[in-house]
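Beneath this line is the structure, given in structure tokens, with notes to follow.
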Amino acid sequence: MKIVWTKHSEKKLRSYHLTKNRILRIIKNPYRVEEGIAPQTIALMKPVNPKKNKWRQEIWAMIQKSQDSLKIISAWRYPGMSPKQNPIPSEIIEELKKEGFI
């Protein structure tokens, strides 16, 4: 399967000091999966150093899957534990709207 990185996702990797391999590990083995905010997307999460369901940060990736490719739309760090239904911070939503993803 071909993996496609958007310019937005690459910018976020630099911004949050994340690596492509870290995001791929989250996609392969997520701790939590939710419906993404953009149409036909999935949000995947893995905590940073989980300790008995109390952790300081989560790393999220938003992906869109098609028959022959996996598009990584965005990635971000979330401070603390995110709510279970709307994990995407408002600043990320605004950036995605600005760049035309949603």
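The values are calculated or read from the model by the stated rules, or taken from the named source; none is laboratory data. Keep in mind that this is a model prediction, so the values were computed, not measured. Methodologically, a virtual Cβ is constructed for each residue, glycine included, from the backbone with ideal geometry; neighbour enumeration extends over all protein chains shown.
Structural remarks
- For the stretch 16-33, filtered to residues that are under 19 Å from Ser66 (Cβ atoms) and either in a strand (DSSP E or B) or over 12 Å from the mean Cα position of the chain (by Cα) (or both), the residue that is modelled with the highest pLDDT is Lys28.
- The one condition in (1) of a type in the set (Val, Ile, Thr); (2) modelled with pLDDT of 90 or more; (3) in a loop (DSSP other than H, G, I, E, B) that Ile72 fails to fulfil: (3)
To keep it simple, each residue is scored yes or no on (1) among the hydroxyl-bearing types (Ser, Thr, Tyr); (2) closer than 23 Å to Glu94 by Cβ.
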{"site": "Thr6", "(1), (2)": "yes, yes"}
{"site": "Ser15", "(1), (2)": "yes, yes"}
{"site": "Arg25", "(1), (2)": "no, no"}
{"site": "Ile37", "(1), (2)": "no, yes"}
{"site": "Met45", "(1), (2)": "no, yes"}
{"site": "Val48", "(1), (2)": "no, no"}
{"site": "Trp55", "(1), (2)": "no, no"}
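- The lone exception for Leu13 - which of (1) modelled with pLDDT of 90 or more; (2) in a loop (DSSP other than H, G, I, E, B); (3) under 14 Å from Ile73 (Cβ atoms) it fails: (2)
- Any hit, the stretch 1-18, residues being loosely packed, with under 12 Cβ neighbours inside 10 Å and among the hydrophobic types (A, V, I, L, M, F, W, C): yes
- The combined condition, being surrounded by 12 or more Cβ atoms within 10 Å (Cβ to Cβ), of a type in the set (Asp, Glu) and at pLDDT 75 or above, is not fulfilled by Glu95.
- Of residues in the stretch 34-45 being modelled with pLDDT of 85 or more and assigned to a strand (DSSP E or B), the one nearest to Tyr78 (Cα to Cα): Met45
- When the stretch 55-83 is filtered for residues that are free of Cβ contacts under 8 Å to residues at least 12 places away in the same chain and crowded, with 18+ Cβ neighbours inside 10 Å, nothing remains.
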